[in-house]
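Undergrad: Below is a structure I'd like to ask you about.
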Amino acid sequence: MTPSRRTVYGALVSHCLARLVTAPVTAFAFKTVEGKVRHWNDVPTGLKPYLGIALAGEQYQPIDAVHPVPNKWRLTPTGWLYVDTGADRGTAQNILADALDAIEAALAPGFADDDGKQTLSGTVYSALLKGVIETDEGALGALAVAHVHFELLVDAGAY
């Protein structure tokens with residue numbers, strides 16, 4: 001049975017929370033991961049590095065000759081990453097690079113995942129970063145911002 005959209009998005013947020021905050025998989029630890037996006041003015045310094053993940057889009061992908069797999073839903077949550085750069089933390093570019101590396105590492109397949117894919121503990125067919133990552137390029141002073149795109153493939157079924 002296909003998991004609900006709420007279950008799928010919740011699995012992504014929980015997975016990122018576990019691997020970025022609770023037990024970080026890299027030396028770069030986040031303070032906050034949540035299933036909503038706040039404006040950067042509403043995220044105090046004590047809650048940064050911050051990753052807010054929101055529903056963004058979805059697309060039905062029927063089976064075809066090139067990809068002979070069951071029909072899938074392609075869900076595309078978007079994440080907003082905020083970090084304070086401060087004088088002692090380095091340049092925005094370096095801090096964002098470390099934060100993005102941490103997000104990429106958090107989505108790396110685990111040992112139990114099938115076929116080298118991250119499946120969010122079997123909730124989805126695959127979960128990964130996808131598309132262009134946009135940054136503020138250091139234009140916001142002591143705040144650095146990046147916009148990241150995720151892709152979740154879920155077996156199609158009746159919701």
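The values are calculated or read from the model by the stated rules, or taken from the named source; none is laboratory data. Treat the numbers as computed from the prediction; the structure is a model and nothing was measured. Quick reminder, even Gly has a Cβ in these numbers, built from the backbone with ideal geometry, and neighbours come from all protein chains shown.
Yes/no matrix, rows are residues, columns are (1) within 13 Å of the chain's Cα centre (by Cα); (2) modelled with pLDDT of 90 or more; (3) of a type in the set (A, V, I, L, M):
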residue	(1), (2), (3)
Thr45	no, yes, no
Gly57	no, no, no
Tyr60	no, no, no
His67	no, no, no
Ala102	yes, yes, yes
Gly116	no, no, no
Gly131	yes, no, no
Gly141	no, no, no
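Undergrad: For segment 79-100, enumerate the residues that are part of a helix (DSSP H, G or I), crowded, with 17+ Cβ neighbours inside 10 Å and modelled with pLDDT under 90.
TA: Matches in segment 79-100: Ala92, Ile95, Leu96.
Undergrad: Quick one: Trp73 ticks every box in (1) surrounded by 20 or more Cβ atoms within 10 Å (Cβ to Cβ); (2) at pLDDT 90 or above; (3) within 19 Å of Leu120 (Cβ to Cβ); (4) not aliphatic (A, V, I, L, M) except a single one, so which number is it?
TA: (2)
Undergrad: Consider only pairs whose beta carbons are under 6 Å apart and that are at least six residues apart or on different chains; among these, list those whose first residue lies in segment 1-17 and is closer than 13 Å to Ala54 by Cα and without any contact (Cβ under 8 Å) to a residue 12 or more places away in the chain and whose second residue is surrounded by fewer than 19 Cβ atoms within 10 Å (Cβ to Cβ) and acidic (Asp, Glu).
TA: Taking only residues 6 or more apart or on different chains, not a single pair turns up.
Undergrad: Further question: How many residues are surrounded by 13 or more Cβ atoms within 10 Å (Cβ to Cβ), small (Gly, Ala, Ser) and in a loop (DSSP other than H, G, I, E, B) when one looks only at segment 1-45?
TA: Looking only at that region, the number is 2.
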